[in-house]
Amino acid sequence: MPEGQLCNKNPIQTKEELDALLADKGGKQYYQEMLDLEVDTAKLKASLDKTCKSRMRTWLEICAHCGLCADSCFFYLTNNRDPKQVPAYKIQSTLGHIVRKKGKVDAKHMIMCMDTAWSKCTCCNRCGMYCPYGIDMGVMFSYLRGLCFSQGFVPWEMKIGSGMHRVYQAQMAVTDEDWVDTCEWMCEEYEDDWPCLTIPVDKENADILYLVNAREPMHYPDDIAEAAILFHIAGEDWTVSSTGWDMTSLSMFAGDWESARMQVDKVYEAMERLRPKRMVGTECGHAFRATVTEGPYWAGRKNGQTPVPSFHYVEWAAEALRSGKLKIDPAKKIKEPVTLQDSCNYIRNHGLTESTREIMSYIAEDFREMNPNREHNFCCGGGGGLNGIGRYRKERNIGLKQKRDQILSTGCNLVVTPCHNCFDAVRDLEEVFQVGISWSFLKPLLLKMVEVPEHLQPRE
Amino acid sequence: MYDFLTGPALWLAFIVCGAGLLTRIVWYVYGLNWQLDRVAYTRHPLAGLKGALRSILHWLIPFAARNWRLRPLFTVTFFLFHLGLILVPLFLEGHAVLLEQGWGIAWPTIPMWLADALTLIALATGLAILVRRFALPEVRILTTGSDVLILILAMAPFLTGFLAVQQAPGYQFWLLTHIVTGEILLISIPFTRLSHMIMFFLTRAQIGMDFGIKRGGMKGRGIAW
């Protein structure tokens with residue numbers, strides 16, 4: 001059975017393998033090798049028999065072919081209502097075909113499945129809310145991604161991403177040492193302005209264990225400092241962990257379920273070792289979905305819960321504003337019209353609709369909703385890993401039109417994006433369409449307008 | 001012939017339909033898996049029950065789900081079609097008479113004029129749904145032969161039954177065809193997508209539990225379908 005040097009059925013296990021894959025710029029050789037990759041049909045069938053059970057089979061079989069899911073999908077809407085973008089069609093022609101053929105499909109079909117699963121679906125789960133039977137095609141595409149991954153048909157960046165988690169227990173090749181160093185560096189950077197600012201590492205029994213997205217130490221270290229300063233002002237007893245500190249999961253995007261479990265095992269280990277009262281995670285959607293919503297199941301936790309109660313940053317911020325731990329200077333509230341991007345991963349898929357709105361009520365004078373909003377909001381256009389896949393840049397940019405038009409019709413120039421993926425998608429849509437909007441995480445906004453108690457104010 | 005069709009054949013149709021649907025239910029529930037589906041079905045029974053009921057009711061009641069509200073014409077058509085399909089066979093006087101004669105059970109009925117109206121509505125809306133299948137590109141691309149067949153299967157007893165009731169020429173033929181198509185319909189329910197008469201409740205309950213237990217139901221106000 002021919003296997004490519006870079007493109008094969010084996011997940012990344014070592015740093016050398018990872019570096020070899022990274023050296024193949026843009027995945028040129030990787031995608032070339034994929035054309036000759038053979039499908040292990042026996043393995044695929046065994047996998048279906050073991051994991052494709054009544055929920056999924058019933059979904060595929062009972063679909064009434066009514067087309068009521070069509071308008072729920074932003075890819076359908078932004079591609080001139082191309083019938084081939086109807087969610088039911090997309091899943092029936094890919095996973096449905098594999099199931100009906102009992103795994104007897106060829107590489108050409110698997111490449112089509114890959115292209116569909118990663119460039120025509122962001123697993124935003126919106127279609128699941130519009131199907132009369134509640135058929136959630138986002139869940140099925142996520143499952144299809146797992147089948148694709150196990151057969152080696154996975155976008156280059158996704159294979160790298162899940163490999164990063166396997167090798168570094170964090171994405172972007174950030175080591176535990178890099179992470180702790182970044183925390184120390186940020187303290188030094190900001191200690192003149194914020195006397196007594198600390199980022200406690202591995203403090204046991206703290207009230208809050210704070211988890212981040214590895215992009216923060218890599219690209220946005222100030223985000224960590226901002227989180228520290230806000231906890232500092234709020235008087236929180238908090239800590240970070242030196243291991244299992246990255247709550248992201250490119251493995252989830254890749255469909256590499258083994259690696260996804262390894263990552264959350266690491267994170268839960270940190271929770272169990274440090275025994276905080278609760279966990280608060282940074283402004284990221286998929287990281288929250290992976291660690292809090294899906295992770296317990298990967299880790300085999302039968303109650304579906306994390307070892308300690310877990311909260312998204314927006315929940316903490318809403319609570320801090322409500323309880324007065326953070327007080328907003330009314331003169332500094334945002335004056336210009338401002339809108340809010342609802343992240344699929346913790347709004348539609350974790351019910352935190354009101355936390356973000358509560359925050360907006362404290363910080364904005366003219367908050368305007370997108371239409372539709374809350375759990376009915378559209379994906380930013382870059383979710384599910386799509387932002388990071390070069391092969392599908394064109395498809396991604398077409399999909400961004402939905403969010404562009406949604407934002408423009410609010411009349412706002414500023415979009416609050418408490419999610420790394422949404423943040424990137426909105427940034428990219430500005431780059432592509434140049435509509436003159438700006439975007440921000442919550443932390444820098446809060447920091448600009450929070451009242452600082454006397455004793456915490458910078459020394460003269 | 002009539003005696004056979006309303007006797008052993010009818011029994012067979014009912015048994016196949018009932019046993020088939022029962023098998024479907026057992027198979028479905030047995031195949032649910034907390035770890036594969038990633039829903040802790042049994043650990044949070046109250047949240048699960050609440051999620052399941054909300055999920056079913058919002059889609060069972062016209063205009064209670066956003067997608068029903070977004071397309072009022074389709075929603076009205078769809079619900080009228082189902083209303084006729086359910087009410088007429090269950091509460092038709094002619095059917096109640098059979099029960100009365102066979103088992104001595106007094107069965108509630110709807111007036112004949114209502115049954116006639118509902119039958120015509122079911123036929124008209126069914127036709128509209130069939131036309132929609134081919135008129136809209138997003139539905140046409142999904143449509144298979146079995147979709148058309150199922151719709152014909154569901155409407156045939158209504159057409160033949162209506163003709164028989166109206167004493168159309170060839171009454172005997174229409175009556176027998178009505179019984180035969182009705183029995184074919186009953187038998188095909190468990191083996192086709194017509195099984196949705198039961199599976200609808202199961203799949204809706206499942207996704208309701210998913211959202212009620214895992215995806216925010218225990219934290220937020222519950223999903224607004």
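Each value in this text was obtained by applying a stated rule to the coordinates, not by laboratory testing. Quick caveat: nothing in here was measured; it's all calculated off a predicted structure. Glycine gets a Cβ as well: all are built from the backbone with ideal geometry, and neighbour counts include every protein chain shown.
Once you have a ≥ b ≥ c as the square roots of the Cα gyration tensor eigenvalues for region B:1-143, tell me rounded if a/c is under 1.5, and otherwise prolate or oblate according to whether a/b is larger than b/c.
Judged from the Cα gyration tensor, region B:1-143 comes out oblate (a/c at least 1.5, b/c at or above a/b).
Note down, for region B:1-79, the three equivalent ellipsoid semi-axes (square root of 5 times each alpha carbon gyration tensor eigenvalue), biggest first, whole angstrom.
Semi-axes (√(5λ), whole Å): 34, 25, 10.
Taking region B:1-97, which chymotrypsin sites (Phe, Trp or Tyr not before Pro) meet the DSSP loop condition and have no more than 15 other C-beta atoms within 10 Å?
Within region B:1-97, the qualifying chymotrypsin sites (Phe, Trp or Tyr not before Pro) (loop, at most 15 other Cβ atoms within 10 Å) are B:F63.
If you average over every viewing direction, what projected area does the convex hull of the Cα atoms of region A:268-325 give, in nm²?
That works out to 4.3 nm².
Pairs A:K120/A:K277; A:K203/B:K219; A:K43/A:K302; A:K266/B:K50; A:K50/A:K302: which exceed 31 Å Cα-Cα?
Over 31 Å Cα-Cα: A:K120/A:K277; A:K266/B:K50.
Report the trypsin sites (Lys or Arg not before Pro) located in region A:45-112 that are in a DSSP loop and have at most 16 other Cβ atoms inside 10 Å of their Cβ, or state none.
A:R81, A:K101, A:K102, A:K104
If I take every Cα pair under 8 Å that is 6 or more residues apart in chain A, average their sequence separation and divide by the length, what percent do I get for the relative contact order?
15
Within region A:326-449, what is the number of lysine pairs with alpha carbons under 16 Å apart, leaving out pairs fewer than eight places apart on the same chain?
8
So what's region A:347-460 giving for Cα Rg divided by 2.2 N^0.38 Å, two decimals?
My calculation over the Cα atoms of region A:347-460 gives 1.21.
Please compute P(r) over all alpha-carbon pairs of region A:39-154, binned at 5 Å starting from zero, and give each bin as a whole-number percent.
2, 12, 25, 25, 19, 11, 5, 1
In percent, how large is the relative contact order of region B:2-211, given Cα pairs closer than 8 Å and 6 or more residues apart?
Across region B:2-211, relative contact order equals 34 percent.
For region A:224-317, what is the Kirkwood estimate of the hydrodynamic radius, computed as the reciprocal of the mean inverse distance between distinct Cα atoms, to one decimal in Å?
13.6
Can you tell me the 0 to 90 degree angle between the C-alpha axis of helix B:45-60 and the longest principal axis of chain B, rounded to 10?
Here the helix axis deviates by roughly 50 degrees.
Using only the alpha carbons of chain A, what is the convex hull's orientation-averaged projected area in square nanometres?
Directional mean of the projected Cα hull area for chain A stands at 21.5 nm².
Let me know the charge dipole size of region A:167-231 about its Cα centre in debye, to the nearest 20, where only the beta-carbon of Lys, Arg (+1) and Asp, Glu (-1) is charged.
Computed charge dipole of region A:167-231: roughly 300 debye.
Using only atoms on other chains, find how many Cβ atoms lie within 10 Å of each Cβ of peptide B:196-209 and report the average.
Partner Cβ neighbours, averaged per residue: 4.
Picking from B:P111, B:G84, B:M209, whose Cα lies most toward the positive end of the charge dipole for chain B (charges on Cβ: Lys, Arg +1; Asp, Glu -1)?
Highest projection toward the positive end goes to B:M209.
Helix A:221-234 sits at what angle to the longest principal axis of chain A, using alpha carbons and giving 0 to 90 degrees rounded to 10?
The answer is roughly 50 degrees.
Using a simple charge model, +1 on the beta-carbon of Lys and Arg, -1 on the beta-carbon of Asp and Glu, nothing else, what dipole does the protein assembly as shown show about its Cα centre, in debye to the nearest 20?
Dipole magnitude for the protein assembly as shown comes out near 2620 debye.
Lys/Arg Cβ at +1, Asp/Glu Cβ at -1, dipole of chain B taken about the Cα centre: which of B:I121, B:V39, B:W59 is farthest positive-ward?
Of B:I121, B:V39, B:W59, it is B:V39.
At a temperature of 25 °C and a viscosity of 0.890 mPa s, determine how fast region A:293-335 diffuses translationally according to Stokes-Einstein, using the Kirkwood radius over alpha-carbon pairs as Rh; express D in µm²/s, rounded to the nearest whole number.
For these conditions, the coefficient is 189 µm²/s.
Could you tell me how many degrees, from 0 to 90 and to the nearest 10, lie between the Cα long axis of helix A:137-150 and the main elongation axis, the longest principal axis, of the Cα atoms of chain A?
Here the helix axis deviates by roughly 70 degrees.
Using Cα pairs under 8 angstrom and six or more residues apart, how large is the relative contact order of region A:39-154, in percent?
Reported as a whole number, the value is 30 percent.
Say the dipole of chain A comes from +1 at the beta carbon of Lys and Arg and -1 at that of Asp and Glu; which of A:L35, A:H165, A:N387 then lies farthest toward its positive end?
In chain A, that residue is A:L35.
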